[in-house]
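Read-outs throughout are calculated quantities, based only on the coordinates presented, and are distinct from any laboratory measurement. Computed from a predicted structure; not experimentally measured. No Cβ is skipped: glycine too gets one built from the backbone with ideal geometry, and neighbour counts run over all protein chains shown.
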Amino acid sequence: MTRHERGYDIRSLQGLTSNTRDRSGKRGDPMGKYFHESTFDSHYDGRFAESALPNEERQIHLSHLLRTYLATMNDLGAETWIMHGSLLGWWWNRKIMPWDSDIDVQVTEASLAYLAAYHNMTVHHFAIPAVVGDSTATGPKGSEGRNYLLEVNPHYENASPGDILNVIDARWIDMATGLFIDITALRKDVAAEKAGVPGRMLCKDRHHYLSTDIFPLRESMFEGTPVRVPYAYQELLEEEYGKKALTVTQFHGHVFEQEKMMWVPKFGLAVGP
């Protein structure tokens, strides 16, 4: 096994997971892919989950996932901010959208290198009370708190967008539910710089930005906790999702109620654009 192959399988995690077998899809994944999502849902880590959570329960755990991640990055001094669907949720009501199954964040390249060097495969414990009706709060995963794993993809050293199997640079994983945060590093676009175009930046997932799109970061709140968002957040959201995504109030079987500042389910509604 090379250092770029995932050696942290179910056997090496005994005592940290209640799973008796690994439900990740690594046997069906291409060679060279580091992170393996579960066989039952691509938004879960199969080493820590046996099935997907009910929607309402999932949202509570995602909120805890975000809060613990941001608190840990703040303690470690890593610069991070929300992006993509999480940023869209922030735009509407400073909350994770009720149909979302994961959280997307970015970090600086220097922060990722620091996390890889000093904090890879570290487990972080938080005294989070059990959720009412929590299907994961039994046995060793009960109400004494939750453990979260920071795992860095060793392929992060390869900054090429051509490494399509490893566009996710790191993950923050809930070891009780298998839910995770995708972490990608924002890097300088070296090719653009050599071509005489300064200030271009990119991630391995082929998202391109200007440095002024992201920095200076703005301070805000998300899920009731302090968070940073990119400077040109509206322009970034319009470019990624279109202008309608910031105004259309019916989507994914939900209607946005302005008075409540909430997405409310409306059964039978057509899915929006």
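Is there a residue being surrounded by fewer than 17 Cβ atoms within 10 Å (Cβ to Cβ), more than 29 Å from L149 (Cβ to Cβ), under 22 Å from the mean Cα position of the chain (by Cα) and of a type outside the set (V, I, T) anywhere in segment 190-207? Within segment 190-207, not a single residue is surrounded by fewer than 17 Cβ atoms within 10 Å (Cβ to Cβ), more than 29 Å from L149 (Cβ to Cβ), under 22 Å from the mean Cα position of the chain (by Cα) and of a type outside the set (V, I, T).
N153 - would you say it is surrounded by 21 or more Cβ atoms within 10 Å (Cβ to Cβ) and of a type outside the set (D, E, K, R)? So N153 fits the description; yes. Counting only strands (runs of 3 or more DSSP E) that fall entirely inside segment 152-251 and contain at least 2 residues that are out of contact with any helix residue (DSSP H, G or I) (no Cβ under 8 Å at 6 or more places or on another chain), the qualifying elements are 170-174, 180-188, 208-210, 218-222.
Identification of helices (runs of 4 or more DSSP H) wholly contained in segment 36-135 with 2 or more residues that are acidic (D, E) yields 55-76.
Restricting the first member to segment 165-181 and to residues that are at positive phi, and the second to residues that are in a strand (DSSP E or B), the beta-carbon pairs closer than 6 Å and six or more apart or on different chains are G178/Y44.
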